[in-house]
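First the structure, in the form of structure tokens, and then the observations on it.
The values are calculated or read from the model by the stated rules, or taken from the named source; none is laboratory data. This one's a predicted model, so the numbers in the text were calculated from it and none came from an experiment. A quick note on method: Cβ atoms are made from the backbone with ideal geometry, for glycine too, and the neighbour counts reach across all protein chains shown. SASA here: full protein model, heavy atoms, side chains in, ligands and nucleic acids out. Shrake-Rupley method; radii C 1.70, N 1.55, O 1.52, S 1.80 Å.
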Amino acid sequence: MHALRFFEFGDPSKLSLVDLPDPQADAATAIVRIVAASVNPSDVKNVAGQMEGTVLPRVPGRDFCGVVEHGPREWLGAAVWGTGGNIGFSEDGTHAERIAFPVGALGKKPGNLPHDLAATVGVTFVIAWLGAIDCAAVGEGETVAVIGAGGGVGGAVVQIAKSRGCRVIGIDRGQRPPPPAGALIDEFVSSDVDVVAQVKELTGGKGAEVVFDAVGGIMFETALLSLRHRGRLVEISSTGRRRVEFDLIDFYHNESRIFGADTRKLGSLESAKILSNLVPAFEDGRFIGPTLARAYPLAEGVAAYGAVARGTQGRVVLTMS
């Protein structure tokens, strides 16, 4: 089979298109013929050597959508999707024509999503669900402020929060994001203004019950100060600044709570449970996947990685022959 592989860390040019033996099924694994696989920013960081636990040489890639070729009879021919925190790091990933995948982690993709769009959901919606539901437990009637609402993860958080009956304040640079997130946001705050003051004004001086900070780093203190008493802050990134400072007295007087959420800690089995929770909402139209920027054939994988490294409006996927 054809696959992208890197033998040393560096920029996307370190990736090579190689021929590898097809993976083999066993009692615990099925073989999935991959139809499409997204290229996440974390995949680019993985090749660059910025992620922990990567064993070289390695086929990268975390998310996929495909068809079961070998495995249990009831799964043969099924259109499936998947992701996992170990895939592409300590185990060969999805930027290949086939992958051996645990039978217990197989999950049917939403029937109304084509393969290329289904392949963009994995990491984006899994981290959104992990932070918003498993960590912060957003609930009906709560106000959720989403920093980075115009990004893939932010847009997923907006949709998940609205599906739980929350009021959503979207925060991002410039103008209100386009649909689907933009259409669901109740109020929009530009990060070019005093975000804390605006969030407090929109909440009667109290702040938000939950702040989901998809930016982190440079926005951390803003996020923390936007919480109401006993509010919950979710952090998933550290853009622009790895180490942060905050007023510890203000923090404990407010009885704030901070959650870190990391999909790398979720294996394919744990990720499959979250993906299964998403399927009904995609199939009935409550959830809409990220915008697809461009699809590249696997042979143009270096160009696809380069596009993600430079930054794209929307998601990039690799399609297999």
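Each residue of the range 68-75 in order: what ³J(HN,Hα) in whole Hz does its phi give by Karplus 6.51 cos²θ - 1.76 cosθ + 1.60, θ = phi - 60°, with x for Gly and Pro?
These are the phi-based 3J(HN,Hα) values: 6, 9, 9, x, x, 4, 5, 9 Hz.
How high is the relative contact order of the range 119-260, in percent, counting Cα pairs under 8 Å that sit 6 or more residues apart?
21 percent.
Show the residues, 5+ positions off or on another chain, whose built amide H is closer than 5 Å to the amide H of LEU318.
Those qualifying (amide H under 5 Å, at least 5 residues apart or on another chain) are ALA37, SER38, VAL39, TYR296.
Given a 1.4 angstrom probe, I'd like the percentage of the accessible area of the chain that is carbon and sulfur, rounded to a whole number.
The C+S portion of the solvent-accessible surface of the chain is 50 percent.
Please compute the contact order of the range 224-267 in relative form: average sequence separation of alpha-carbon pairs under 8 Å and at least six residues apart, divided by the residue count, as a percent.
It rounds to 56 percent for the range 224-267.
Might you work out the accessible area of PHE251 for me, using a 1.4 Å probe with all protein chains in place, and round it to the nearest 10 Å²?
Accessible area, nearest 10 Å²: 50 Å².
Hey, could you pull the Cα Rg and Dmax for the range 201-291, both in Å?
Computed over the Cα atoms of the range 201-291, radius of gyration and Dmax are 16.2, 47 Å.
For VAL189, list long-range residues whose amide hydrogen, built 1.01 Å from N in the peptide plane, is under 5 Å from its own amide hydrogen.
For VAL189, whose amide H was placed from the backbone, the distant partners under 5 Å are GLY170, ILE171, ASP172.
Can you tell me the 0 to 90 degree angle between the C-alpha axis of helix 301-310 and the longest principal axis of the chain, rounded to 10?
10
What accessible area, in Å² to the nearest ten, does a 1.4 Å probe give for PHE188?
So the heavy atoms of PHE188 present about 50 Å² to solvent.
Add +1 for every Lys or Arg and -1 for every Asp or Glu among the other residues with Cβ under 12 Å from the Cβ of VAL68, and state the total.
+3
Would you mind calculating the relative contact order of the chain from Cα pairs under 8 angstrom and at least 6 residues apart, reporting the percent as a whole number?
The value is 20 percent.
What are the ³J(HN,Hα) couplings of the range 222-233, residue after residue, when phi is run through the Karplus curve with 6.51, -1.76, 1.60 and θ = phi - 60°? Round to Hz, x for glycine and proline.
4, 4, 5, 6, 8, 7, 7, 4, 6, x, 10, 10
Take each of the peptides 144-153, 128-137, 27-36, average the number of other beta-carbon atoms within 10 Å over its residues, and list them starting from the highest.
So the peptides 144-153, 128-137, 27-36, ranked by packing, come out 144-153, 128-137, 27-36.
Helix 152-163 against the longest principal axis of the chain: what's the angle in degrees, Cα atoms only, rounded to the nearest 10?
For 152-163 against the chain, the angle is about 70 degrees.
What whole-number value in cubic angstrom gives the convex hull volume per residue for the C-alpha atoms of the chain?
Convex hull of Cα atoms, per residue: 123 Å³.
Add -39500 (n - 2.57) for each DSSP H run of 4 or more in the chain, then divide by its residues: what number comes out at 222 nm, to the nearest 500 deg cm²/dmol?
After summing the helix terms and dividing by the residues of the chain, the value is -7000 deg cm²/dmol.
How much of the DSSP beta bridge set in the range 79-194 is antiparallel, as a percent to the nearest 5?
Beta bridges within the range 79-194, antiparallel portion: roughly 15 percent.
Placing one identical point scatterer on every Cα of the range 1-158 and ignoring solvent, what is log10 I(q)/I(0) from the Debye formula at q = 0.19 Å⁻¹?
The computed values of log10 I(q)/I(0) come out as -1.19.
Explain nothing, just the number: dipole magnitude of the chain about its Cα centre with +1 on each Lys and Arg Cβ and -1 on each Asp and Glu Cβ, in debye rounded to the nearest 20.
The calculated dipole for the chain is roughly 180 debye.
Where only protein heavy atoms count, and the probe is 1.4 Å, what is the accessible area per residue for the chain in Å²?
That works out to 44 Å² per residue.
May I ask for the angle, rounded to the nearest 10°, between helix 268-283 and the longest principal axis of the chain, with both axes built from Cα atoms and the value confined to 0 to 90°?
So the helix axis and the longest Cα principal axis differ by about 70 degrees.
In terms of modelled amide H atoms, which long-range or inter-chain residues lie less than 5 Å from the amide H of ALA145?
Amide H to amide H, under 5 Å and 5 or more residues apart or across chains, ALA145 pairs with ILE169, VAL210, VAL211, PHE212.
Rounded to whole Hz and in sequence order, give me ³J(HN,Hα) for the range 24-38 from the Karplus expression 6.51 cos²θ - 1.76 cosθ + 1.60, θ = phi - 60°, writing x for Gly and Pro.
Listing the rounded values in order: 10, 6, 9, 4, 9, 10, 10, 9, 10, 7, 7, 9, 8, 8, 7 Hz.
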